[in-house]
1. Given charges of +1 on the Cβ of Lys and Arg and -1 on the Cβ of Asp and Glu, with all other atoms neutral, how large is the dipole of the range B:467-594 about its Cα centre, in debye to the nearest 20?
2. Given the protein assembly as shown, what percent of its DSSP beta bridges are antiparallel, to the nearest 5?
3. More than 32 Å apart: what percent of Cα pairs in chain A qualify?
4. When the Kirkwood radius is taken over all Cα pairs of the range B:626-774, what Stokes-Einstein diffusion coefficient follows at 4 °C and 1.567 mPa s, in µm²/s?
5. Can you give me the Kirkwood hydrodynamic radius for the protein assembly as shown, using every pair of distinct Cα atoms, in Å to one decimal?
6. Starting with the fewest neighbours, write out B:Leu302, A:Leu231 ranked by other beta-carbon atoms found within 10 Å of each beta-carbon.
7. Identify, among B:Trp720, B:Asn707, B:Pro694, the residue whose Cα sits farthest towards the positive end of the charge dipole of the range B:677-743, taking +1 on the Cβ of Lys and Arg and -1 on the Cβ of Asp and Glu, with the dipole about the Cα centre.
8. Please report how far the C-alpha centroid of the range A:177-248 lies from that of the range A:61-139, rounded to the nearest whole angstrom.
Amino acid sequence: MANYTQYGFFFDQSRCTACQACVVACKDWNGLSAGPEKWLRVFSYEKGAFPNVRIHTLFVPCFHCENPVCVDAADGAMYKEEKYGAVLIDPAKANDLRKAAAACPYGAIVFQSDAFDAEASKCTMCVDRLEQNLLPICVTACPTRALDFGKMDDLRAKYGSVSDLEDLPPSSITKPAAIFKAHGQKKQVVPYDAAKALLLLAKRDPLPQLYYGPTDVTDTQGYVKKSKPMLKPDNTEELQYFTENDNS
Amino acid sequence: MLVRPTKVETPQAPPPSISYKPPLSAEVKTRVDEIVQQRKALHDGETVVYAAGCGINCGGGGGWDSGCLFKVHTKNGVVTAVEGDDTVNQNSPREDNNIDSVMKVALQRRPCVRGRAWKGDIYSPSRVTFPMKRLGKRGEGKFVRISWDEALTTVANKIVEIRDKYGPYSIFSVYDSYPAPVTYANAGFGGWATASFEATAFAAQYMTGGYSWTSYAAAEGPDAFNSKLIVLQGFDPTSSIFMVFTQYYYALAHEKGIPVIVIDPRYTSAAEVFGDQWIPIRPGTDVAFLLAVANVLFKEDLYDKDYVSKFVEPVGFSKWKDYVLGNSAGPDGAIDRTPEWAEKICGVPSETIREFARLYAKSKPTHWNVSWSFARLAYGENPARAAAALQAMTGNIGISGGGGEFAGGWVARGAYRGVSLDWGRTAATYKAPTLFMNWKWADMVLLREKFESGELSKEQYHSMIGNPATNPTPNAKMLFTSKNIMNQNININKQRQAMNKLDFIVATTIHMTPTAKMADIVLPVADTMFEDYFFAGGPLYSPKLVNPPGEAKAKLWIDTKLAERLGVLDKFMPKYTSDDNFDAMIEDVYKAGFEAWAKANGVNLSWDEYKVKPIIRVEASAPYSVPLQDYIQKGKAFSTSSGKLEIYSKYLAETDLTKTKYGGPIAPMPVYEAPWDGFFDPQVNKYPLTCMTPHGVYRIHSVQDDNPSLRNETYRHAIWLSVSDAKVRGIKDGDMVRVFNDVGEMVIPAYVTSKIVPGTACLYQGAWFEPTASGVDRRGAPNALTHDKPNPSGAWPFHTNVEVEKF
């Protein structure tokens, strides 16, 4: 595939607070109502256990892949256009896209409901805005300026060429038009003995003990559910659960 | 001459190959163009106007919280889309690629997620669009539409009737202002104590001599880069969004390698994104941590003696030193406040506290932002004052790279230069007195009977409601409310009882909130985008963009029509001629205000130019302004009696505070007092989880709780439980749980997480109380569970202890 220009996104995970300003901006601009038509999904989930816990975030619009496997699976209902490399659904043929959706490893194609023939839609890269020399609405919305957008060559020059990020499928499958910066390691600015802290925090003298062993706190299996993203949910309810933020 | 070409037999062209990927076939190209045009058509014919917002309890302008700028699309009289500020750095989403604009604070004032969702709120299903009167019982939500004339006439008649029957101190507002015309009608009284920052303002008042927060709140953004250490204690600027750039500057400071330590009961987004390290601490125990840090600084002789001798009042300082070292007694006796003492309370290992103190002492300047949140509990004045005392003893107040002790975040230059509007009013001769502590208003109503029967003396009654002994006694009968006070004030159930005792309640409201449901008359009010607004500073202006939905009216119009009916129009709104001219009258006043402001500030901009781009950026440059700099760098005397920073207040020590508005004793200096409704309150035997009620990301207090673009869309409102607490109760993430204590109960989902200290729960404030017939809240309003036991300093006790069980 030659003779087209590929534009793409830059996502700096180390700056993302998962506030979903970009998600709301996307729906607002694109006239999408509340519900499962989430063209852009932001996931927030935790790894590790108290007190060594981390928040991971993912920004997942359509990455308008250079190898758009969805287009191949869409029987002519989807296109990859040439000016920006945007992958588009033909709205006139949007009722038969379950196969195309299944092909996308990022889950970028979303449906109005769980009905088999529900209308599909997806991120358009805001081609309407690009045509007016405006940026995709999501990247203009980030309070911590975690996002950028541009020609892939320019993004690589600015931010390097990492297109893989923990918990996203390997970029080799579809060649996503995206550059990522993963969040960094935490450090101990001052020493902190987690084992001692777990002993201290169990006690509330002279009142009763709060828990009896560190594993009561650190063995999270089965209790914490938001410990992973859900790129390919089984249904709209699961999509909603995994894209809801709990900071409220 | 036309020559007929020789017919040549050419082979039949193959059928056009349809390519859906580049290079596209012509047919597909055409279709793609059509699809792009369809997308563009969505915004055809829209008008685009800049406006400041959100106006409700956040409001732009820098002086009041955020200072965002919107680019609003409207069509056919409705708001259709909201873009963010693009008046600078257009097409540069990552603005720090242009570091110059960061250093000048010449940045986009991008709205947060709440601003992005503003359209959803202003058209939400609970929007009130017509004046109404109550039909059913208070709280039932049964109303019937009435005309504005009937609504206003009823309200005006009630004002006169109640004033004449019960005297002037019968009409009131809680944490709010009743309509100004009431004052012109010689009635009304108000309360004191602010929910957000009472403890922090108290600290500022007794330590610096000025009850204020704006002038102490914040430095200019780039000053963050001058810090050697940044500590965020109880402060999450990603949810408590105070000034739009604050979280951005913290992110950049962190990226520059300035160490950032986050001390919080939760692993917040701030801890993840800005923090190098999270130090978990039990809620409400911050003062133990702070005193132990002071203890190390004293014992290891690590504080700034030169600064202290210049700027800190010495007698009080040595009294506090004696207390911290255990040479004199506090409320719990004479105890050496060592890290080993503190660790048992706050749960931070003593080694960590000690090393933290040493690092802090050698990292000057340190910016230590304790926000207001960790002081919103019983005895909240203690942590607020202790944090400031530490920053004083290390010489971090009033210097570049320091500060953060009294609140706030970072702002832009010029943020507090407001525009004054001249309505041509004659000042009212009646002066409304302050007769109660805002969050004690329900007691003011409910205890009145006991006062009347003689069971309570006047002095006792006053003392219990935060009213000085020498003041008149309130006789509260008629309540004006324009805020969701019942929801946001402590102890909802007690307030419901009190509301049922009142003769008349008027709610001026945008939405049908739980508070509005209790009203007798509901007046629909417009908000930003539906009426003109100037925000506190900046200045930022938000023009009226479209007509409000239904018959909603600007607050000023409502007040004006009320004034007319009370016969005080000439004093309150002399410029008013007719409804048709109302918008023009407002614009004239705004225009005059702006022009005077522009002249005084040397801004060469006409009103018409300003109206289409209502933001004025004054570029910042080094040295950046920092709070209290005049006192430290220019030697201006503090307004305390000694002229210095006072850690110990002689007034608080020597005055019988029971006769004052405080109604009870307050420690004269920051000391450890275990807060009731806290981690060590014996009630944890019954209700073992200490529940914090902080700001969430998706509401501005209770504003936007019914926004369909946010609620159950971008977030789930659930109670946070730690893994160990969930496990012992057999609760998994997503389970519905019953949360209860002796004052209330609710049923909501559980969020099980490792991001919170064990023994602690967290329920974000602002969800709207939605009781079943038996009073069980189905929506998770924290104040269904908070107690209103008096706290003399006025700090609102927003913590509570609860039990949680699987529903």
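1. Computed about the Cα centre, the dipole is about 700 debye.
2. Percentage antiparallel, nearest 5: 55.
3. 28 percent
4. 66 µm²/s
5. When all Cα pairs of the protein assembly as shown are included, the Kirkwood radius is 30.5 Å.
6. Least to most surrounded, the residues fall as B:Leu302, A:Leu231.
7. B:Trp720
8. 34 Å
Readers should treat all values here as calculations from the given coordinates under stated rules, not as data from a laboratory. It should be emphasised that the depicted structure is a prediction, and the values quoted were computed from it without experimental measurement. Methodologically, a virtual Cβ is constructed for each residue, glycine included, from the backbone with ideal geometry; neighbour enumeration extends over all protein chains shown.
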